[in-house]
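The values are calculated or read from the model by the stated rules, or taken from the named source; none is laboratory data. Note that the structure is predicted; figures quoted are calculated from it, not measured. Don't worry about glycine lacking a Cβ; one is built from the backbone with ideal geometry, like all the others, and counts go over all protein chains shown. Surface accessibility is based on the protein's heavy atoms, side chains included, excluding ligands, DNA and RNA. Shrake-Rupley method; radii C 1.70, N 1.55, O 1.52, S 1.80 Å.
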Amino acid sequence: MPRPFPFSAIVGQEEMKLALRIAAVDPSVGGVLVFGDRGTGKSTAVRALAGLLPPIPVVEGCPYGCAPPEAGQTGSAGGGCPVCDGPAGGRAGEAGTGGRAGKGAGAGDSAAAAAAGKSGRNGTAPHGPAAGAGPAVVERDVPMVDLPLGATEDRVVGTLDLERALSDGVRAFEPGLLARANRGFLYIDEVNLLDDHLVDLLLDVAASGENVVEREGLSVRHPARFVLVGSGNPEEGDLRPQLLDRFGLSVEVATPRDIEMRLEVLRRRDAHDRDPEEFHRRWSGQDGRIRQQIRRARSSLDTVEVPDAFLRRASELCLALEVDGLRGELTLLRAARALAALEGRDRVTTTDLAEVAPPSLRHRLRRDPLDESGTTPRIHRALEETGIQEEAASEKARSA
Amino acid sequence: MTSGVGPDPFTLAALLVALDPHGLGGAVVEGPGGPAVDAWLHVVRSHRPPESPWRRIPAGITPDRLVGGLDLTRSLAAGRRVGQPGLLAEADGGIVLLPSAERLRVEVAAPLLEALDRGRMSVERDGVSECPAAAIGVVALDESVEDEPGAPAALRDRTAFLLPLPPRWKPTPEHLPGAAALARAREALPHISVTPEAMEALARQAAMGGWASHRPLLLALRTARALAALLERPRADAEIAALAGALVLVPRGAPLPATGEDEADPDAAHDEPPEPPAAEEEQDDAPEDAGDEASPDEPPPGEPPTPEADEAPDTPEEAPEPSGLPADLIPAVVRALLPKDWEDSKARPSGSGGRSLGRSGRGRGDGLVPATARGRRIGAEPGRPRGGRRLDLPATLVAAAPWQRLRSQARAREAEDALTGDSPALQVTPDDLRVQRRVRPAASRTLFLVDASGSQALRRLGEVKGAVELLLADSYRRRDEVALIVFRGRDARVVVPPTRSLVRARRLLRGLAGGGGTPLARGLETALELVHRARRDDVEPRIVLLSDGRPNVDRAGKGGRSQARNDALALADELRRTGTPVRVLDTSPRGERFLDELARHLGTRSHHLPHADARAIRRAAAPSPAA
């Protein structure tokens, strides 16, 4: 696989880059939708993110890439893994069928059982040192899984392992893309063109964090918690509202009209075309800094303070924009917290709110097709009217 | 390449595609098939390395053939999974020929675009998960005729050349350098540098094109490099860039490049200090060396050593080598590649992707949304063949195959008890059943036929615009499409070709003009054409006509009230014979008798809506029974 274009070498597109970093820091933000004209570097940026993320510790041999258990815990950290939690563990209800599938799932059982006392390779893993009989842990790149438009359903959800069925006559489950994407990113380019039946399936899994396969004695449920990243060009067709709503953040990209920026895009692409190795070397320092930033933000995320005043402001904003439901407020909160963590602050500010408001809310506003101005200006108007903009400005002045 | 006159742009494009198919993406060749297209393809093919792949995508190709998947027969025989490469992976390093690009379906387009973008493709089908290399160039043959959407904009955005090949085109033999010369050029290509002036000239030209995509500019840059290799130059200078701009950017609506001496004005080039641009400095956390990277003065270290690389930035205006371009080549290129109504379209706002309203009817780039043939098979999904759903036999067999051994074991155990003798060769259970998945056809295609003549035109257009947007906004589920025909002055125009993208419709609706005569007959005639097209696409058309009912321009575009009326009634009869539902909305102040007559000919009644607003029109247009 050729390496993706370096994230830091992408010119402009600040909102898109920020949204992707936020999702990397806090996956519970709920995914990123990138909409814009064709040829504006949407998928380049998404793929670039994969090259940037710090590796994660996973249980060795687990096909779902489960996190190692915390000290004192048994089974998978998130729960619900048919391999890590073993045939007997976890959900008693499915123990019978789940056990069969678990056996089929390859080396998982034995790997989990053969509890070699190796702990993570470096100290960044969020789990404690394996006390006694923890599973073996390895570091792995964060999965960035492409869901091609032509994917068949069996490859998405997983299916019978053909090879083992044919050669050994064994009923084994072969995990699909949803399993591979667990704890990582599932990327759908041209998401607005995805087949309806796959969309329905994804919605189901994204909501539950769990993939359930039931077929002729093959009964598996496994964790499938992933950040959905979709990109598309609105001119090819609109996205179904049900799917739109699933995304935490929504970003609109446009090409810089500024000639110098365009020229810069061209220069960098050209340099990358001509000597990718050299280009990567040149940008590795800066990519490394962003990686470090994300790593630190993840570990400090839980300690970032969210003052009540912030929550009140967020509610006021949602009210002013008539965004219904809790989703909008929750996204504002999580995105702002991740932003503060990225910037190394221990407290969320009104400035954070103003910055994350457009990507958190623009796809949640009720659409008025007769309003040409689009949703983004409406958000800016609401930020003015609620006084958030002003408060953010004075905040900036004070800190300057 | 030292002839006095120089090759024509079509030859040039063919040679460039042959030189670097994947880098340049390929070409969209517009025009009916025939000797010209064959000759053009022959030029490309005869300049490819002899062993390099050349694959044609047949019209009915299935996704598993295109992308690859499971080789069922061999898998069963071998007792293990055997994958089967798809056509795109087979074509790695070569050229894929795509006939009828105007009918490109989304399930073919998606992998094709991925291969163009990434040089490889992800295969996730039938238990096969691979990522084979597929660095291809595409030659797309766009045979759309007037008023049909052509090759999708997403494809046009990824090929360097858009070639309106004249039907009588023939290559000039002395301009064909031969495969050996191309092989040399291919070898030289990685070592060609591009001067900062050339890069900047291209960026400026592209910025004036007004489209959003970065790709045309990048393709122009690579074209410049390929041109330099083809012309045996060590670097792509401003002159080469002007030619590349003429080949790649101008056909997309960028302004003409300055040619000849104007372009080579050294002062102009040096007025722009070749320093790292502001954009670079704004990225305050840029590493030290990033600035260097951007600086056009220093070629990055580790660049392939070329003897000329060092001189390049210092002597950008160095005299061209003897094999230089003929002076008239660029204007000739530009003339040949420009769309015929370019001057027209230039005056109008150009949309993204270089499409513009000016290209009347030639509604380019209807996006990837497929022209849906009803029930066209696009794959299989688990399900029972009932309720009109049809069994997909191959997919069912693929689904059943892995289980055979398990089932025969189970059956053997049962057989011991029951003594039922021989087991069937293939055991299929209900779980295996796959039904054909079909593209859901659009529920309907609403053709708005709007009278934009006279004084009320602008207001009426504004409301129709609103109605179109309302209709699209709440039709995700039904997948309704709309199209808009406007008639005024002497003629009718398809302003919005059939689409279900609100964004696209909105862009096309911007800045419509009104006033002038009332060519109702021409409007009806255009509607009739769209009705036929809808039937070809297997979509149910319906028409909403808004007019104040005073036609005064006839079918031939001549003034005269009575002929205008007779023509309109005749066309109404013809429309009625197509069985298309029509709504006639009379927007005149007091109701117009002629519209009642017209409505009778159309097999309907006229509704008087003097103050039709967007919501009222939308209600009237609703395909639901409530309407």
Honestly region B:163-261 on the Cα gyration tensor test (a ≥ b ≥ c root eigenvalues; a/c under 1.5 rounded, otherwise a/b vs b/c for prolate or oblate) is just oblate
Scoring region B:28-120 by relative contact order with C-alpha pairs under 8 Å, at least six apart, yields a percentage of 29 percent
Of the accessible area of region B:529-627, computed with a 1.4 Å probe and all protein chains kept, carbon and sulfur make up a percent value of 45 percent
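Specify, per residue and in Å³, the volume enclosed by the convex hull of the alpha carbon atoms belonging to region B:1-75.
Details: hull volume 11.3 nm³, N = 75.
Given the Cα convex hull of region B:1-75, per-residue volume reads 151 Å³.
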Cα gyration tensor of region A:1-49 diagonalised, 5x eigenvalues square-rooted, in angstrom largest first, produces semi-axes 18, 14, 10
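Other chains near B:76-82: what is the mean number of their Cβ atoms within 10 Å of each residue's Cβ? Don't skip to the answer; put the middle values down first.
Numbers: counts 2, 1, 3, 6, 5, 8, 2.
Per residue, the average neighbour count from other chains is 4.
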Going residue by residue through region A:137-143, the Karplus relation 6.51 cos²θ - 1.76 cosθ + 1.60 with θ = phi - 60° gives ³J(HN,Hα) values, rounded to whole Hz and with x marking Gly or Pro, of 10, 10, 9, 9, 5, 4, x
The relative contact order of region B:445-621, taking Cα pairs under 8 Å that sit 6 or more residues apart, comes to a percentage of 24 percent
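Probe radius 1.4 Å, ligands and nucleic acids left out: can you give me the accessible area buried at the A-B interface, summed over both chains, in Å² to the nearest hundred?
Values: alone 19680 and 29930 Å², together 41550 Å².
Using a 1.4 Å probe, the pair buries roughly 8100 Å².
Checking the a/c ratio against 1.5 first, then a/b against b/c, what shape does the Cα gyration tensor give for region B:152-201?
oblate
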Here the averaged projected area of region B:9-177, based on the convex hull of its alpha-carbon atoms and given in nm², is 10.2 nm²
Accessible-area order for B:V495, B:V503, largest to smallest, probe 1.4 angstrom, reads B:V503, B:V495
Residue-normalised value, i.e. accessible area per residue, for region B:445-621 at 1.4 Å probe, in Å², stands at 39 Å²
GluC sites (Glu not before Pro) in region B:126-164 lying in a DSSP loop, each with at most 15 other Cβ atoms within 10 Å of its Cβ, come to B:E146
Heavy-atom accessible area per residue of region A:225-333, all protein chains kept, 1.4 Å probe, expressed in Å², is 43 Å²
With the 8 Å Cα cutoff and a minimum separation of six or more residues, region B:9-177 has a relative contact order in percent of 36 percent
Bounding extents of region B:97-229 in its principal axis frame from Cα atoms, largest first in Å, are 48, 39, 36
Inter-chain shielding metric for B:207-219, i.e. average beta-carbon neighbours from other chains within 10 angstrom, reads 5
Taking Cα atoms only, Rg over Rh for region A:244-356 with Rh from the Kirkwood formula is 1.10
Inter-chain shielding metric for A:30-42, i.e. average beta-carbon neighbours from other chains within 10 angstrom, reads 4
